[in-house]
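We did not get these values from a lab; they are worked out from the coordinates using the rules stated. Source: prediction; values computed, not measured. Because the Cβ atoms are built from the backbone with ideal geometry, glycine has one as well, and the counts that use them run over all protein chains shown.
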Amino acid sequence: METYRISDVVGLLGLPPAPNGKASYYIPCPCCDHGKKERHLNINLQKDVFRCPRCGISGGIFDLYSLFTNTPRDSVRAILAERLGGGETRRSAPSIPEAQECPLTDINTRHETYTALLKLLSLAPDHRDNLLSRGLTDDEITAYGYKSTPVVGLTALAKQLQNEGHYLAGVPGFFRTKDGNWTFICESRGILIPARDMNGRVQGLQIRRDSSVKGKFRWISSVGKDDGCPSECWTHLRGPVSPSLILTEGPMKADIIYSLSGLTTLAVPGVNSLNHLEESLLSMKDRGLCEIYTAFDMDYMANYHVQQGYANLYGILDRVGLPYGTYLWDPRYKGLDDYIWLSLMQSHRNL
């Protein structure tokens, strides 16, 4: 049987090749990267897979071809056989040593470690001003746990957490250096956003980067590092479980909507990142959730891949078995958080 590598498909599609022989690298994601400099889609040549940590789309060799050509996946094998040749098994790519990663640890350990980490960090004045300009108050910014990313002293930071008795193995963002010391991932400067479960526990951390060169939002992860750990696309709940729920995208957006409206809000990372949504909704259903209102950004109608994500979303909502509807607002405002906040500002100006 014909054996293909993901590098074959990369070349066939004319996608950017791996720089300097790297086994893993990033290219623009066709689903969520709209700026020329943004790079979210990870191509792993060693494992023959791809994944976007921003929107959650992922798959293997055939999925990559299908994604970039809109070809039905079950037709891809025949197309590749015609375009790349068949018969003889293709030679495998050279083996590249992989880092030994840690499995994800339990939620209580992650919560304790992340909570201790956030206590050691501060929030830069410009980051606080940014959050205030979105409608959050100083008290809410503090309560929600927003902090600025650490950019120096990362190994010392990890050592202090260890000295306090916190576990770092299996907590995304932490990994070992070549000399065996634990450290924290060095990220671009930005705002750290805790993503919490129904019990208020920190499941993972997102970062909103100051620069959009690599995309604004992504999960803190130490995938590909020694004793590192990949992150997952967690949901984030802001507010108590109540009969009605707003479903939106992005933990920061959920925090702002709840703060401005008082309505309990659940966030997924994006409409294509629904991995944990069903289990979250079922757990909330057991606690009294009765109805769901989606409130995703109004530009979804112009994006084919986002529309595909909506089909998956509605499938999940149908399985959960609760009535659901959709919030609509003035399309001049991209998100519900923008619409509420700017409408409030306009009302104040008119007083």
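Numerical summary
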{"quantity": "For the range 236-350: rounded, prolate or oblate by the Cα gyration tensor [a/c cutoff 1.5]", "calculated": "oblate"}
{"quantity": "Sorted peptide list for 238-251, 152-165, 255-268, criterion being average Cβ within 10 angstrom, highest first", "calculated": "255-268, 238-251, 152-165"}
{"quantity": "Dipole-positive endmost among PRO251, PRO19, ALA156 within the chain (Cβ charges, Cα centre)", "calculated": "PRO19"}
{"quantity": "Residue order, fewest to most beta carbons within 10 Å, for ARG176, ARG83", "calculated": "ARG83, ARG176"}
{"quantity": "Ranked packing of 119-125, 130-136, most packed first, by mean Cβ within 10 Å", "calculated": "130-136, 119-125"}
{"quantity": "Relative contact order computed over the chain (Cα-Cα under 8 Å; 6+ residues apart), in percent", "calculated": "14 percent"}
{"quantity": "Test item: Cα-centred dipole of the range 107-219, Lys/Arg +1 and Asp/Glu -1 on Cβ, debye", "calculated": "420 debye"}
{"quantity": "Electrostatic dipole magnitude of the range 6-84 [Cβ: Lys, Arg +1; Asp, Glu -1; Cα centre; debye, to 20]", "calculated": "260 debye"}
{"quantity": "Residue-averaged 222 nm ellipticity for the chain, from DSSP H runs of 4+ at -39500 (n - 2.57), nearest 500", "calculated": "-10000 deg cm²/dmol"}
{"quantity": "Cα-centre dipole for the chain with unit charges at Cβ (Lys and Arg positive, Asp and Glu negative), debye to 20", "calculated": "720 debye"}
{"quantity": "Cut-off under 5 Å, modelled amide H: who pairs with LEU123 long-range", "calculated": "SER148"}
{"quantity": "DSSP beta bridges in the chain [antiparallel fraction, %, rounded to 5]", "calculated": "70 percent"}
{"quantity": "Between 0 and 90°, nearest 10: helix 154-163 axis offset from the chain longest Cα axis", "calculated": "70 degrees"}
{"quantity": "Cα-Cα over 32 Å, subset of LYS147/LYS178; LYS22/LYS159; LYS147/LYS225; LYS47/LYS253; LYS285/LYS334; LYS119/LYS253", "calculated": "LYS47/LYS253"}
{"quantity": "Extension gain (nm, one decimal) between LEU342 and ALA169, 0.36 nm per residue minus Cα-Cα", "calculated": "58.0 nm"}
{"quantity": "Cα coordinate range in the chain, projected on the principal axes (Å, largest first)", "calculated": "74, 49, 40"}
{"quantity": "Ranked list, fewest to most other Cβ atoms within 10 Å of each Cβ, for THR149, THR115", "calculated": "THR115, THR149"}
{"quantity": "Spin-label pair CYS186/SER261, simplified geometry with 7 Å Cα→Cβ offset, distance in nm", "calculated": "4.2 nm"}
